[in-house]
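Below is one structure, written out as structure tokens; the observations come after it.
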Amino acid sequence: MRILVIEDEKKLSGFISKGLLEEHYAVDIANDGEKGLALALEQQYDAIVLDLNLPKIDGLDVLRQVREQKITVPVLILTARGTTPEKVAGLDAGADDYLTKPFVFEELAARLRSLLRRPTVEKSTVLRVRDLVLDTVTHTAKRGGKVIEFTAKEYALLEYLIRNKGRMLSRSVIAQHVWSYNFFTESNIIDVYINRLRHKINDTPGNSIITSIRSVGYRVDDDGEAKE
Ligand code: CA
């Protein structure tokens, strides 16, 4: 899952970014409203953390312009503007959630988890695909009674595949949601990570969750045997 943080206070954006990386997200930072808007319009994000008092373009204008382009990415406003009319204005401009500064990182992380599970029927912190259970809080999986641990990127890749199960995902789409925007998509790193994941989750012929479609991409399936 890839998060855009639009925040002009460098110390704060660094703090948020470090925390989100520890939660295994890919993170891009924009230090003003103009850069933030450009990234939000050009790139694919799974959520945006948006400050309101920003140089160049105010956060509310960034949000309105994103929504005018019919971009439905979940947006969490993170701001010092804490009055009720300010909150109403933010939510009415198209925000999905609103958190006021000062804040505790754990609450921001929990609110992002909540936003990221809204589009699906999944309301639990646990994701399932057949006999594999992925815990989105501990970032571990269980299959066949065995606990599986992952590196940050392995976990992020598996979570993204499972959240989009049934959908064929091209390598470039995977790169856009699991890596930061400056990721070099020509490399075969996604295939390398998929192979590591298959090994870890014990994906063997006859019982494999990750399907590869040659020269197209990958798909996770809830039922039926994966076909080449
Ligand atoms: Ca600010």
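Of the residues in the stretch 163-199, how many are in a helix (DSSP H, G or I) and touching a residue at least 40 places away in the same chain (Cβ under 8 Å)? Quick ask: steps written out before the conclusion?
Restricting attention to the stretch 163-199, the residues satisfying the condition of being in a helix (DSSP H, G or I) are 163, 171-178, 189-199.
Imposing the further condition that a residue be touching a residue at least 40 places away in the same chain (Cβ under 8 Å) reduces the set to 163, 171, 173-174, 176-178, 193, 196-197.
Matching residues across the stretch 163-199 total 10.
For the condition in a helix (DSSP H, G or I), within 16 Å of the ligand (Cβ to nearest atom) and at pLDDT 95 or above, what is the one hit in GLU107, GLU86? Spell out how you get there, then give the answer.
Details: GLU107 fails: within 16 Å of the ligand (Cβ to nearest atom).
Exactly one residue qualifies, and that residue is GLU86.
Could you grab the pairs with beta carbons closer than 8 Å, sequence gap of 6+ or different chains, first residue in the stretch 1-20 and under 19 Å from ALA80 (Cβ atoms), second one polar (S, T, N, Q)?
From residues that are under 19 Å from ALA80 (Cβ atoms), the pairs are VAL5/SER13; VAL5/SER17; GLU7/SER13; GLU7/ASN31; ASP8/ASN31; ASP8/ASN53; LYS10/ASN31; SER13/ASN31.
Scan the stretch 146-162 and tell me whether some residue there is at positive phi, small (Gly, Ala, Ser) and touching a residue at least 24 places away in the same chain (Cβ under 8 Å). Write out each step before concluding.
Pass one, the stretch 146-162, residues at positive phi: none.
No, there is no match, as no residue in the stretch 146-162 is at positive phi, small (Gly, Ala, Ser) and touching a residue at least 24 places away in the same chain (Cβ under 8 Å).
If you scan the stretch 68-90, which residues turn out to be touching a residue at least 24 places away in the same chain (Cβ under 8 Å), farther than 16 Å from PRO102 by Cα and under 19 Å from the mean Cα position of the chain (by Cα)?
Hits for the stretch 68-90 are ILE71, VAL73, PRO74, VAL75.
The values are calculated or read from the model by the stated rules, or taken from the named source; none is laboratory data. A quick note: this is a predicted structure, and the numbers were derived from the prediction, not measured. Here Cβ is always computed from backbone atoms with ideal geometry, including for glycine, and neighbour counts include all displayed protein chains.
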